[in-house]
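Below is one structure, written out as C-alpha cells; the observations come after it.
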Amino acid sequence: MTIAKVKSTQRLVAVDREAAGLGLKAGQTLADARAMYPGLCAEAADPRGEAATLAELADWCRRFTPLAALDAPNGIMLDVTGATHLFGGEEKLVGEIATRLAAQGFWAQAAIAATPEAAWALARFGKTRIAAADLTEAALVRLLGPLPLAALRLDAALLGGLAQAGLRRIDDILLRPRAPLTARFGPHLHARLDALLGRSKTPISPRFEAPAYIVEQRFAEPLMRREPIEASLLALAEDLGKLLTRHGEGARRLEASLFRCDGKVHHIEIGTSRPLRDPALILRLFREKIEAASALNEDDPLERGYGFDVIRLAVLAAEPQDQDQIAWDVAWDAAWDDGFEAADLAKLIDRLGARLGLRRVTRLRAHETHVPEFAVAAIPAAYAPKLPALFVDPPTDGVLPARPLRLLQRPEPIETLAEVPDGPPLQFRWRRVLHHVVAIEGPERIAPEWWREEADFIKSERDAGGKPGSTFPHPALTRDYFRAENAEGQRFWLYREGLFSPQAPRPRWFMHGFFA
Amino acid sequence: MSPGGRAAELSFLRARIARIAADGTLAPRFGGVFPRGQAFGVATILDKILPQGLAAGALHEIVAARPHDAAAATGFTLALAARFLGEAPARSALIWIVEAMAGRETGEPYGPGLRLYGLDPARLVLVHPQTPQETFWAIEEALKCRAAGVVVGEIWRAAKAYDLTASRRLLLAAQKQRRPGLLLAAGLAGHAGELSSGATTRFEVRGALSPHLPSAGARLPLPGLTAFAVRIAKARAGPAFAIPDKDMFWPVLWDPAKASFRDAISLPQPAFSRHRPPVAQDALLAEEALLIRPRIWSAGDDRQGEEHAKARRGRS
C-alpha cells in the first residue's frame, strides 16, 4: 500500500486487495495500521507518476476506440458507441480489455453501459458488468438499484447525511418522492440520478479529438521487423487514399499510431504543405521521419518492444483537393513544367520538413514595420505555399545597399570611439579585434514604434526604479544605424542605442549585421 | 488546327530540337552554361582567367580568406547565385541551407539584403539543419529537386567531414539535374589551401576596399560599390588547363544595376584630399570614370595617387 503525509500524520492512501481483506482502509493512520500488522510494507505515494501511468494507459486504450478520456484518479472512460461489433460483441470487448490489462500487471474491472455514469457505477460496485444498450428504463433500474449510494459519485458529507437518514442504496432514492429529498439534500442528488439513468446526457471529454479518417489493421501476431511494418503502412495508405478520393479531400496532417501489445503506443506524425493522397508519397514521408528517429536511436527507432499488433493511420487535418489538371495548349511545355515545378518544390519542402522538423524550413514574408528585425518574418514553408513577392519594384535605391546581407540574432555590444553627441564611430572593438573606420554612411535613425503601448510590466518596473543589471527588458530606444567600412574592406552595420542627453545614461553601441 | 496555331507549334518544336541538339541530352530547360566569356560580367578579369565560365551542373566552393571575411564570401556566393538565377526559369527557387552553427557565428541571412543582388526574398527557401549529416543530406536533396534554381549550402562543423566522398556525392547530384551547387565553407576560413574535394571550382574571397564616394561635408567618405578580392584556387577544365597566377587575389566590383561583376582598379588607401571637386554619382559609375578616377585623387596635392595612376596606365 502507499502512504502519504496528510495534515502532519502519515496516512494510508491506497491499499491493495490483500490489505483490504485484512481490514485496512484508506485514510487510516500508518501508526494504527502498523499497530495491527507490524509486518506491513508501505511505499510513498507518487501521484504524478500514477497520473503519468494512467495517461499512458489511456493512450494505449485508444486501440479500442479513438475516444478515450481520463477518469482520475484511477479510471479510464472509453466511448465505444458503434464499435463493439468489431470486437465480437460487448462481452468479448469487456473480457479482452480485462485480460490485456491483467497481462500488463494491472488489476482492472471493466463495464459497459449506455451512459458514462452507469458504466462508472457498474465497474466499481456492480456484480454484472454489461448493461446492454437497448435496456428499458425499468430493466436499468432493476440492474442499478441494489448498488450503494457511493455509486452516484457523491461527496462524503452528502453520503454521511444520507446514511443518517437511512438511505443507503439507489433503490431507496428512486422510490421516494423527489421534492423532500431535494429540499433536504440539494438538487445535486437528483441531477446525478438522472444522468445515471440516461434522462440527461453528459458527454465525456476525450483526451484527443476523433480524427476525420481512420484506417487500421490488426494482426494476429505482433510485427517486429521493419519491412512488414512499412508494407502494412503502404497498404493502409492505399486504403486511406481511396477513402480520401471518394470524399474529394487530401490529407494535410497524418498520424500513424503503432500500438504495442505490452501497453505502449508509438506515434509518428507528419505534415505536408499541400493536400496529399498518393500512397507512395505518404509512405516516403513516414520513412523520412523514421530515418530521423533512427539517427537518434540506432537500434530501435520505433521502440518495438515485443512487437506491434495494431497499426492505425489517421488523418488529423484534411483539405479539399481536386484532381490534378493538365493544361493542353500550345504552350503546354511551359504549363507542364510550371505545374510540376511547383509540385516538385512542395515535395522537397515536405521531405526536408519530415526529416528536420517543419519549423526548420522557412520562407520569408514582409511585415509593415521599419524595425529591421521584424521587417521580414520567417514562416514555415509548409504553411506558406503562395507568398507574394516581397519587393514589388526592382531595386531602385541606387546601387548602394541599404540593408545588410546577414543579421545577427542578438546584436553584440561593441566599444567605440565616437564624437558626442551623435558623431559616427571612428574606431570600434568587436570580438576583441580593433577596427579602424575608413568610410562611413549614416546615421539612419530608426525609432521604436511610438504607437505601440509599452507592456504594463515594463512600465511598472521603470516607475519603481529598476535596479541596474536587472533582467527586465528595458523599453526600446531610438537607434542610429551606421554602415561602416574598415581598412580591410569589411563592411558592418552597427548602431548606437539611445540618444545622448545629460540625464540619460551613456548610450551603448551594438553590432547588428554585415554587408558583403 | 488554324495555320497560326500550327506555325506557333512548329516554331516551338524547332526551338526544342535546337535546345536538345545544343545540350546533347534531353535536359530540362535550364542547364546551359553562360554565353562564352560572360559568366561573371562582360569580359571581366575573372572571365579571362576562367574562359570556360561557370558550369551549371557542377559544384562550386567558396571559402573566406579570414574569419572576418565570412560576409564577403556570402556576398560573392549570392552574386554568383544571382548570375545563375538570371539564366534559370522565372519562378525557380533559391534554396539556402544554413547550418545552425554558421547562423550563430556569422549571422542569419537577412531578406532585405538580397535586394542588392536583384533577388526577391520571396523566392528564397531557408533550411536550418542542426547537425553536419543533416546539412549534407539537405544539400543533396535540394540538388535533386527540379524546381530549385540554385542551391547554396553553408557548412560549418561539417567542414571537417567534407572530403572527397561527400563532395563527390553532391557533385553527382548536381550533374544529374544540371543544377549549380554553391558550397559556402564558412567554417574553413583561411584553410582554402588544405581543402581537397571533388568540386569543380574553388574561390577564396576576402573583403576589399570599395571605391569611396565623396561625402558632403563629413570627415569620412562614403563606402561605394561592393568590392571583393577573389582568388581562384581550383578550376577543373581539362588536363591542359592551368590557372595563371594562382596566388593572386583579383579585385572585382559588383554592379547591381547590371547584375554583373566588373573590374576594379585596385587603389591603395587614398590620402584624403580636401580639395576634391564634387562629382555626380552616375558619373562615377560610368565606365570611363573608373579610368579617370586616378586623376580625381590627384586633383589636390596627392602626388602618391598620381604616381600610382601613371604606373597603372602604363601597365594596362
- List the residues whose amide H sits under 5 Å from the amide H of A:GLU412, counting only those 5 or more places along or on another chain, with H placed 1.01 Å from N in the peptide plane. A:MET511
- Note on the structure: Any residue on another chain or 5+ positions along whose placed amide H is under 5 Å from the amide H of A:THR202 is listed here as none
- Taking Cα pairs closer than 8 Å and at least 6 residues apart, the relative contact order of the range A:46-196 in percent is 13
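What does the charge dipole of the range A:46-196 about its Cα centre add up to, to the nearest 20 debye, if the Cβ of each Lys and Arg holds +1 and the Cβ of each Asp and Glu holds -1?
420
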- Quick one: order B:GLU105, B:GLU204 by neighbouring beta-carbon count within 10 Å, fewest to most. B:GLU105, B:GLU204
- Give the Debye-formula value of log10 I(q)/I(0) at each listed q (0.10, 0.16, 0.18 Å⁻¹), with one equal scatterer per alpha carbon of the range B:122-244, two decimals each. -0.43, -0.88, -1.03
- Task: Would you mind working out the magnitude of the charge dipole of chain A relative to its Cα centre, with +1 at each Lys and Arg C-beta and -1 at each Asp and Glu C-beta, to the nearest 20 Debye?
- Result: 2120
- Long-range amide H partners of B:VAL125, meaning residues 5 or more apart or on another chain whose placed amide H is closer than 5 Å, are B:LEU94, B:ILE95, B:TRP96
- What ³J(HN,Hα) values, in whole Hz, does the Karplus curve 6.51 cos²θ - 1.76 cosθ + 1.60 give for the range A:414-431 when θ = phi - 60°, with x put for Gly and Pro? 10, 9, 10, 10, 9, 6, 8, x, 9, x, x, x, 9, 8, 8, 10, 10, 6
- Extent along principal axes [Cα atoms of chain A; Å; largest to smallest]: 96, 73, 51
- Item | 3J(HN,Hα) from dihedral phi, the range B:55-66, Karplus parametrisation 6.51/-1.76/1.60, rounded to Hz, x for glycine, proline | 7, 7, x, 8, 10, 10, 9, 10, 10, 7, 7, 10
- Message: Give me the percent relative contact order of the range A:235-315, please, defined on Cα pairs under 8 angstrom at least 6 residues apart.
- Response: 41
- Going 7 Å from the Cα of A:LYS201 in the Cα-to-Cβ direction, what parts of the range A:62-94 have a backbone nitrogen less than 13 Å from that spot? A:81
- Once phi is turned into ³J(HN,Hα) by the Karplus curve 6.51 cos²θ - 1.76 cosθ + 1.60 with θ = phi - 60°, what whole-Hz value does each residue of the range A:291-299 show in order, with x for glycine and proline? 4, 4, 5, 6, 5, 7, 10, 4, 6
- State, to one decimal in nm, how far the label point of A:ALA132 lies from the label point of A:ASP46, with both points 7 Å from Cα in the Cβ direction. 4.5
- Item | Least to most buried among B:TYR162, A:TYR213 (fewest other Cβ within 10 Å first) | A:TYR213, B:TYR162
- Query: What nm distance separates the two modelled labels at A:ALA179 and A:LEU434, each placed 7 Å from Cα along Cα→Cβ?
  - Reply: 10.0
- So the FRET efficiency between B:LYS258 and A:HIS85, C-beta based with R0 = 60 Å and rounded to 0.05, is 0.20
- Query: What percent do you get for the relative contact order of chain A when only Cα pairs under 8 Å and 6+ apart count?
  - Reply: 9
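Readers should treat all values here as calculations from the given coordinates under stated rules, not as data from a laboratory. Owing to the predicted nature of the structure, the values given are computational and were not obtained by experimental measurement. Backbone-built Cβ (ideal geometry, glycine too); neighbour counts: all protein chains shown.
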